[in-house]
Each structure stands twice: as structure tokens, then as C-alpha cells.
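Read-outs: derived from the displayed coordinates by stated rules, not from any lab. Fair warning: this is a prediction, and the values are worked out from it, not measured in the lab. Glycine gets a Cβ as well: all are built from the backbone with ideal geometry, and neighbour counts include every protein chain shown.
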Amino acid sequence: MKTLNLDGDEQSDLTVHGGTYKAVYCYPSEHYAYWRSELPDADLPWGAFGENLTVDGMLETEVCIGDRFRIGTAEFQVTQPRQPCFKLQLRHRRDDLIKRFIASSRPGFYVAVTREGQIGAGDPVEYLERAAPSMSVHDIFLLYFDDRGKHDELRRAAEIAGLAPGWKEHFRKRVSGV
């Protein structure tokens, strides 16, 4: 585990992936059953959605921006939901996958590495701190795509300490009407 990614699993396009706030992409294993029913002809092994870590028991409805957790000896902080990109469609050869990914509200989430360490398959997730006040990854994701009439939520999101700066700026602009 390195500060900006996983050893041997580095991001291919650092202009839009990786960095401090998107060092590691986590995707809940529970979502695979949904996608296997939605895409019955697709090959969906672990990692099929581009995640660095397929995690168990960390659903976006329960995980909050700023939550801190440990896997093995490495420590992480949740920074933002994933916004799907065209590479997801290319990988699965489906022109509708971004739209379906957004509609499913199953984005997964990015984390910053707060302490480098070693992780291994099957290592348990241990929460170190639950962020408060905060918002769930799910709520932040939904707000990004539909903020009509949600001024209080926009203000609240813009003030979340653990939220990646680009997302904070997006919500600040939306609060000011830009």
C-alpha cells in the first residue's frame, strides 16, 4: 500500500484517476448480485468495475464521507463517491452503462490513504472513526446528480471536512447558483 495507490494496481490515467483523494477505489461486493442480474451475459469477476478493493459490508448508504477505517495495517479515509467514466462502458462494451450505473445508485467510493501499510485478500475492515457530522456516500452521490430545491443539503455537503476539494467546490457553486 502506497499513499497514492496500491502497489501493483496503479491507475492508468492520472489526469482523472488517482491522487490524494482518489488513491483507492472501493466497491461493495454486495452489488455484484445486482449487476449479474442486470447484465446476465457480462463476465463480472471481482474488480470488474475498476475497483482496487472489493469490500464487504461497506454499502454507500452506511458509509459516510470522512469515515476512517483500517484494512490490514493500512488506514483510509472516505473522500467521495465515484463518478463513472467512459472507460467503464468501453470495458464492458455497453454504451448505456454510465447511465445505468448512475441510475443504480451503486457508485462505490474513493478513499485517501492516511497510513501506508500492508493489506491482503480477506483482511477484515475495522472502522476507526465514524465521521460526524457528515453525509453518506449515497446521499452525496444523489445530490450531485439532482440538487433541485436542496439548498440546505448543498450547504451541508459543501462543509463536510472529509469531502474531496473538487466536490466541495461543486456544491459551493451550486449553493451560489453557478
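Straightening the chain between residue 173 and residue 98 buys 24.6 nm, computed as 0.36 nm per residue apart minus the Cα-Cα spacing. Structural descriptor for segment 33-126: relative contact order 32 percent, calculated from alpha carbon pairs under 8 angstrom and at least 6 residues apart. Span-like helix criteria (full DSSP H runs; alpha carbon extent of at least 30 Å along the helix axis; mean Kyte-Doolittle hydropathy of at least 1.6) are satisfied in the chain by no helix.
How high is the FRET efficiency between residue 44 and residue 145 when r is their beta carbon distance and R₀ equals 25 Å, given to the nearest 0.05? Don't skip to the answer; put the middle values down first.
Values: r = 24 Å, r/R0 = 0.96.
For R0 = 25 Å, the calculated efficiency reads 0.55.
Just want to confirm a number: the relative contact order over the chain, from Cα pairs under 8 angstrom separated by 6+ residues, in percent. Could you put the intermediate results ahead of the total?
Numbers: 309 pairs, mean separation 46.1, N = 178.
Relative contact order here is 26 percent.
What is the Rg over Rh value, at two decimals, for the chain, using alpha-carbon atoms and the Kirkwood definition of Rh? Can you show the working numbers first?
Working: Rg = 15.9 Å, Rh = 16.7 Å.
Taking Rg over the Kirkwood Rh, I get 0.95.
Given the pairs 87/168; 22/87; 150/173, which span a C-alpha to C-alpha distance of over 21 angstrom in this model? Present the calculation step by step, with values, prior to reporting the outcome.
On the way: 87/168 25 Å; 22/87 16 Å; 150/173 13 Å.
Over 21 Å apart, Cα to Cα: 87/168.
Give me the Å³ per residue figure for the convex hull around the C-alpha atoms of segment 118-178.
Values: hull volume 6.9 nm³, N = 61.
Spelled out: Cα convex hull of segment 118-178, divided by residues, is 113 Å³.
Its Cα centre serving as origin, the chain has a Cβ charge dipole (Lys and Arg +1, Asp and Glu -1) of approximately 640 debye. Rounded to whole numbers, the Karplus 3J(HN,Hα) couplings from phi for segment 42-59 are 7, 8, 10, x, 3, x, 5, 9, x, 6, 7, 10, 8, 10, 10, x, 10, 6 Hz, using 6.51 cos²θ - 1.76 cosθ + 1.60 with θ = phi - 60°, and x at Gly and Pro. Of the chymotrypsin sites (Phe, Trp or Tyr not before Pro) found in segment 91-178, no site is in coil according to DSSP while having at most 12 other Cβ atoms within 10 Å of its Cβ.
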